[in-house]
Amino acid sequence: MSEAEARPTNFIRQIIDEDLASGKHNSICTRFPPEPNGYLHIGHAKSICLNFGIAQDYQGRCNLRFDDTNPAKEDIEFVDSIKHDVEWLGFKWSGNVRYSSDYFDQLFNYALELINKGLAYVDELTPEQIREYRGSLTAPGKNSPYRDRSIEENLALFEKMRSGEFAEGTACLRAKIDMASPFIVMRDPVIYRIKFAEHHQTGNKWCIYPMYDFTHCISDALEGITHSLCTLEFQDNRRLYDWVLDNITIPAHPRQYEFSRLNLEYAIMSKRKLNQLVTEKVVEGWDDPRMPTISGLRRRGYTAASIREFCKRIGVTKQDNTVEMASLESCIRDDLNENAPRAMAVLDPVKVIIENFPQGEVEMVTMPNHPNKPEMGSRQVPFSREIYIDRADFREEANKQYKRLVLGKEVRLRNAYVIKAERVEKDEAGNITTLHCSYDPDTLSKDPADGRKVKGVIHWVSAEHALPVEIRLYDRLFSVPNPGSAEDFLATINPESLVIKQGFVEPGLKNAEKGKAYQFEREGYFCLDSRYASAEKLVFNRTVGLRDTWAKMGE
């Protein structure tokens, strides 16, 4: 299969193919235009993969341009995090990073051009009055009393706005279009407003800032963007996009195309609500591993390849839909099942004393790093008289379906010996504190000689050599599939979204790398936490379980 045949096709790629075939365009230029007012989330990843992926596949260009027209909500921290996320996902933008603020002088001049053509006016209605005058979906708007000012008066007032002679909210510049338009976006939209805020790129040069709808189309045109791709909520705005470009002297006129945004079950995609989770300390930051942010997913252990694969699987359409969380989890499972080395960890330890194993002796057991990939090598794991197993792997009594250790019965220790549970010790509350077992020394990685069948296999770590570890079991942040539709989305937080356990891991994980994933046998996929882990303290995050436990809960 050729590279072109392997490419996913969609309606946008079909449009591009037609534009290239007809000679409308000789090369393709896209852009990714985030606002630097928060961290990117998985929905942005879809847009990144689309815009940068198209540029890659068509040997074109993709610009990274920050839509930085609202300095009151923006921060250089967000700029840096967005650049890092794009690069981490495996993409490189064309040329230098661009900012809408690079074009503030030109945008100002285009605003003057609209005033001079009688197509823009300074309005002194309050923001509340502007909303009131705009009308509704069923009622037309009505003209502002300031709409018919002369060109000279508007030029003078716009200059006063620029020089800081109006207070915030007391004047704005509006496009003069049609207050009776069936599209509310065309009812004399505001194109400049006053904000006395220092800008992270331009400092205090400006106290008036252009609005998104005015800025975006002009920035696209100045950069030679051929296909301006955005989500469906901007469909009506396309009329304004075209109106602005049709009414100013600018050589290029890009076309806007809309695709459906990504909605993900058990997650919030509203940046405002994500910001609320951070500011109200419901989560510990934008990179909390329960957040749907790219930095949160990265810290949780998601790989760039798994996120790219997810975006490829869900595709690009005009149809709004909600993707199951299981689809995202399936992508990371598929990736890590193939690539993550195996290790042993005991999350809820109970001590086992193997009474007939020689005291003080340590035996090194060879274990494969991956059961199906001999090229990933093997490791030596110490085995001794005292080990830890998981509390859930022992019962005093059990039916035949239970394939783990039962009092009086046998089980195999992973890659080691068969042991038999002889007796238990308990504390005053009746909790098991120690298991006393015996082992069969002739069963190292082989069945008992007399033909006894041992069905169960459990994992373990040597108590003497095990490293203490904090295990952070992350789960879905919300307990309902669509938290955004709840009256109070904070009331749908899953109380079990983070459970912290103190356990043990095999000694080889002393040098675990941050960001590297491991499969803890029978437990799931885990990675060293980038925030809390240190040389003195191992902290592992659960990326995802070995299987989808939520599917069972929903049945």
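Just so you know, all these numbers are worked out from the coordinates, no wet-lab data involved. Please read these numbers as outputs of a predicted model, since none were measured by experiment. Every residue, glycine as well, gets a Cβ built from its backbone with ideal geometry; the counts of neighbours run over all protein chains shown.
Net charge around ASN541, counting only other residues with Cβ within less than 13 Å of its Cβ (Lys, Arg = +1; Asp, Glu = -1)? Before the final figure, lay out the partial values.
Details: positive: ARG290, ARG298, ARG299, ARG300, ARG472, LYS501, LYS514, LYS516, ARG531, ARG542; negative: GLU284, ASP287, ASP288, GLU470, ASP475, GLU523, ASP529.
Result for the local shell: +3.
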Under the rule that a partner needs its Cβ under 4.7 Å from the first Cβ, which Cys of the chain have none?
CYS29, CYS62, CYS172, CYS207, CYS217, CYS230, CYS331, CYS437, CYS527
As a check on your grasp of the helix formula, calculate [θ] at 222 nm for the chain: sum -39500 (n - 2.57) over DSSP H runs of n ≥ 4, divide by the residue count, round to the nearest 500.
-8000 deg cm²/dmol
Calculate the all-directions average of the projected area of the range 1-159's alpha-carbon convex hull, and give it in nm².
14.1 nm²
Report, ordered by chain and residue number, the lysines lying within cross-link reach of LYS273, taken as a straight Cα distance under 21 Å and ignoring same-chain residues fewer than 8 apart.
LYS46, LYS73, LYS281
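Starting with the highest mean, order 140-150, 406-416 by the number of other Cβ atoms within 10 Å, averaged over the residues of each peptide. Show your work: numbers first, answer last.
Values: 140-150: 14.8, 406-416: 18.5.
Going by the mean number of other Cβ atoms within 10 Å, highest first, we get 406-416, 140-150.
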Long-range amide H contacts for TYR192: which residues qualify at under 5 Å (H placed 1.01 Å from N, peptide plane, sequence gap of 5 or more or a different chain)?
LEU173, MET211
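Distance cut-off 31 Å, Cα to Cα: go down the list LYS420/LYS537; LYS24/LYS312; LYS318/LYS373; LYS92/LYS318; LYS312/LYS501 and report the pairs above it.
Values: LYS420/LYS537 34 Å; LYS24/LYS312 27 Å; LYS318/LYS373 41 Å; LYS92/LYS318 27 Å; LYS312/LYS501 35 Å.
As for pairs spanning more than 31 Å Cα to Cα, those are LYS420/LYS537; LYS318/LYS373; LYS312/LYS501.
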Quick one, which of [x] 71, 25, 22; [y] 61, 31, 20; [z] 61, 24, 20 is the actual semi-axes √(5λ) of the Cα gyration tensor in Å calculated for this model?
[z]
Ranking request for peptides 333-344, 394-405: highest mean number of other beta-carbon atoms within 10 Å first, then the rest in descending order.
333-344, 394-405
Using each residue's phi in the range 144-153, evaluate 6.51 cos²θ - 1.76 cosθ + 1.60 at θ = phi - 60° and report the 3J(HN,Hα) Karplus result to the nearest Hz, with x for Gly and Pro.
5, x, 9, 5, 9, 4, 6, 4, 4, 5
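How would you rank 312-319, 463-470, highest first, on the average number of other Cβ atoms within 10 Å across their residues?
Numbers: 312-319: 14.4, 463-470: 17.2.
Packing proxy ranking, top to bottom: 463-470, 312-319.
Any idea what the relative contact order of the range 347-493 is, in percent, if you count C-alpha pairs under 8 Å spaced at least 6 apart?
Working: 261 pairs, mean separation 34.7, N = 147.
About 24 percent, as a whole number.
For the chain, what is the charge dipole size about the Cα centre, in debye to the nearest 20, if Lys and Arg each add +1 at the Cβ and Asp and Glu each add -1 at the Cβ?
800 debye
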If you average the C-alpha positions of the range 212-255 and of the range 416-486 separately, how far apart do those two centres end up, in angstrom?
60 Å
Principal-axis tilt of helix 11-22 within the chain, Cα atoms, nearest 10 degrees
50 degrees
HN-Hα J couplings of the range 499-509 from phi, Karplus 6.51/-1.76/1.60, θ = phi - 60°, integer Hz, Gly and Pro as x?
10, 9, 10, 10, x, 9, 10, 5, x, x, 7
FRET E, pair LEU232, ALA392, Förster distance 45 Å, beta-carbon r, rounded to 0.05
0.45
Taking every DSSP beta bridge with both residues inside the chain, roughly what % is antiparallel (nearest 5)?
65 percent
Karplus (6.51, -1.76, 1.60) ³J(HN,Hα), θ = phi - 60°, over the range 448-456, in Hz, Gly and Pro reported as x:
x, 5, 7, x, 4, 9, 10, 8, x
Just add up the charged neighbours of GLU309: K/R +1, D/E -1, any other residue whose Cβ is under 10 Å from the Cβ of GLU309.
+1
The helix 325-339 Cα axis meets the longest alpha-carbon principal axis of the chain at an angle in degrees, between 0 and 90 and rounded to 10, of 60 degrees
